[in-house]
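Here is the structure we will look at.
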Amino acid sequence: MDRTLTLAQSGSGMGTGVVIIVAIAVVLFLVFFCLMFYATRYKRCPSNRILVIWGRSGNQSAKCYHGGGRFVWPVIQDYGFMSLEPLSIDIPLEGALSLNNIRVNVPSTFTVGISKSPVMMANAAERLLGLGAAQIREQAQDIILGQLRLVIATLSIEEINTDREKFMSLINENVAQEINKIGLELINVNIRDITDESGYIVAIGQRAAAEAINRAKVEVAGQEREGAVGEAVAVRERNVRVAEERAMAEKGQKAAEQTQRVEVARLEAEAVKGEVESKRDLEIATAERTAETVAASKRAEREQRVQVASAEASAVEGENMSSAKVAESNAQLAEIRAEAKRRSDVASAEARQKIFLAEREEELARLAKDELAPQEIEKKRIEIEAEAVAERERREARGEADATLAKYEAEAKGVQQVLEAKAEGYRQLVQACAENPQVAPTLLMIEQLPQLVAEQVKAISNLKIDKITVWDSGRGQNGEGSRNATSDFLSGMIGSLPQVHELAKQAGIDLPTALGKVVEHEEPAPTSRPSDGNA
C-alpha cells in the first residue's frame, strides 16, 4: 500500500510537471506570436518618405508622420507612403499675353516636392496619396501654367525683362500659394529664357547695350581727358621747374664769375697800387737830387693813371657783361615759361575739345535713344503692316485672277461644247441631206429665220405711228388708169400684213397697234334642223 501511494504521488507529480511545461510552451508561443504580429504591423518611415495611416484616426481623415515608426492596427487601419523626392516639371509656356498686349514665350523649369508641414502633409494625403509621379507632375504643371500666365498678364515687357527680382517673387508667391493647396511646396524656379514674337525684348536689349556702350565711351573719354590734363600739368610743372633750376644755376654761375672777376681786378689794383706807392717813394727820394728822377716820376704817374683807368674800364666791362648775361638768362627763362604756358593752353584746349566731342556723342546717343529708337520701331511696324497689306492684296488679286481664269475657262469649255454639238448636228444634217445637198442650206436658213424676223421687228417695235400722210399726184403709172403709187403701196402693205403677223407670232413678238390685228374667224356651228315630227 505504501508503494502504491508512492507511485500515485510520483504519477501526480509527473502530470503536474507536464502541465506546467505545456503551459509555459503555450505562453512562449503566444508571446512569440504577439511579438511577430507586432513586428509585422509596426511600420517604420524612411527619411525620404511620409507615412500615411488612415482608418481609425480620430477626427482626421488620415495621420501623416515623417521619420520614426508607428503601429498600424489590423482591420481598422491601413497605411501608405508618399515620396518626398523633388519633381522637376518643364513648363513650355508660349504665347502668354503680357500687360501691354505682347505675347511672350517663357520656357522654364519648376522643382516641387511634398512638404513636411503638418497642414500640407494632410493636403497631400487627401489629394496625392496613391498617385504616381507622372500624375502628380501633370496636376502641378496645370496649376503652374495658369499661375504663370496670370503673373505675366500683370507685368509689362519692361518689368519682366528688367525687374527679374519682382517677376520671380510674384511667381514664387502665386505658384507656391496654389500648389500648397494640394500639399506641394515650391523648391526652385529656373526661367530658361524670355522671348517674344515681335522682337521687342531683343530691341530693348540692343537699346540697353547701346546705352552701356555710350556710357563706357563717355567714361573712357573722361578718364582720357583727366589723364591728358594730368599729363599736361605734370609736363608743364616739369618744364617750369627745370627752367627755373637752369636759370638759378646760370645765375649762380654768372654771379660767381662776376665775383671772381671783381676780386681779381681788386687784387690787381691793390698790387699796382703798392707798386706805384713804392715807386713814388723812391722817386720822391731821388727827385730832389736829379731831374731825371722827376721825369721818371712823371712817366710813372702817367702809367699809373693809364693802368688805373684800364682796370676801371675792365671792371665796368665785366659788370656790363654780367648784367647782359643775367638779362639773357631772364629772357630765356621768360621764353621757357611762355612755351610751357603755350603747351598748357594747347593741352587744355585739346582736353576741352575731347570733352565737347564726348558731350556731343552723349547728346547724339540720347537723341538716338529718345527720338530715333521710337521712330525706328514705328517705321518697322509700318513696314510690317504695309507688307501684310501688300501680301493680302497680292493674295486677293491672285484669287480674283484665278476665279476669273476659271470662269473664262468654264465659259470657253461651254462654248466649245456648244460648238461641238452644233458641228455634230450640222454633220448629221448634211449626212441626212446627202441625196439633195440644196436642202441643207434651206433648212439652216429656216432655223435662223425667227432670229432674223425678231431683229427686223425690233427695228420698228418702238416706233409710235399716229397717222400716215401720203402726197400723190393721183395719176397712175404713165398717167393712165385709176391706180397710183399710193394705192399700190397700201395694197402691197396690207397684203403683206398677214405674213408679217404670222412671222411675229412665230417669233413671239407683239407688233405695234398701227399695223392692225389679224382676227381669226371661227367657222359657224352647224344649225340643227327643225323636227319634222317623225323623230
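Here are a few things to note about the model shown:
- Alpha-carbon centroid distance for the pair region 305-335 / region 61-86, whole angstrom: 119
- Pair-distance profile P(r), taking every C-alpha pair of region 208-382, with 5 angstrom steps and integer %: 1, 7, 9, 9, 7, 7, 6, 6, 6, 5, 5, 4, 4, 4, 3, 3, 3, 3, 2, 2, 2, 1, 1, 1, 0, 0, 0, 0
- Exposure proxy ranking, count of Cβ atoms within 10 Å, fewest first, for I384, I204: I384, I204
- Compactness of region 162-307, expressed as Rg and Dmax over alpha-carbon positions, Å: 50.3, 154
- Cα convex hull, region 85-198: 87 Å³ per residue, rounded to a whole number.
- Per-residue extension of 0.36 nm, minus the Cα-Cα distance of E197 and E237, leaves a gain of 8.2 nm for this segment.
- Residues whose placed amide H lies under 5 Å from that of L87, excluding near-sequence neighbours: V112, G113
- As a proxy for reagent exposure, F29, F167 were ordered by neighbouring Cβ count within 10 angstrom, fewest first; the result is F29, F167.
- Its relative contact order, with pairs defined as Cα atoms under 8 Å and 6+ residues apart, puts region 23-83 at 35 percent.
- From phi via Karplus (6.51, -1.76, 1.60), per-residue ³J(HN,Hα) for region 120-133 in Hz, x at Gly/Pro: 6, 5, 5, 4, 5, 5, 6, 10, 10, 5, x, 8, x, 4
- Hydrodynamic radius (Kirkwood) for region 23-83, which is based on Cα pairs only, to one decimal in Å: 12.9
- Filtered trypsin sites (Lys or Arg not before Pro), region 90-172: DSSP coil and at most 14 other beta carbons within 10 Å: K116
Here, each number is a calculation from the coordinates, and none is a lab measurement. Predicted model only: the values in this text are computed from it and were never measured. So basically every Cβ, Gly included, is an ideal-geometry build from the backbone, and we count neighbours across all protein chains shown.
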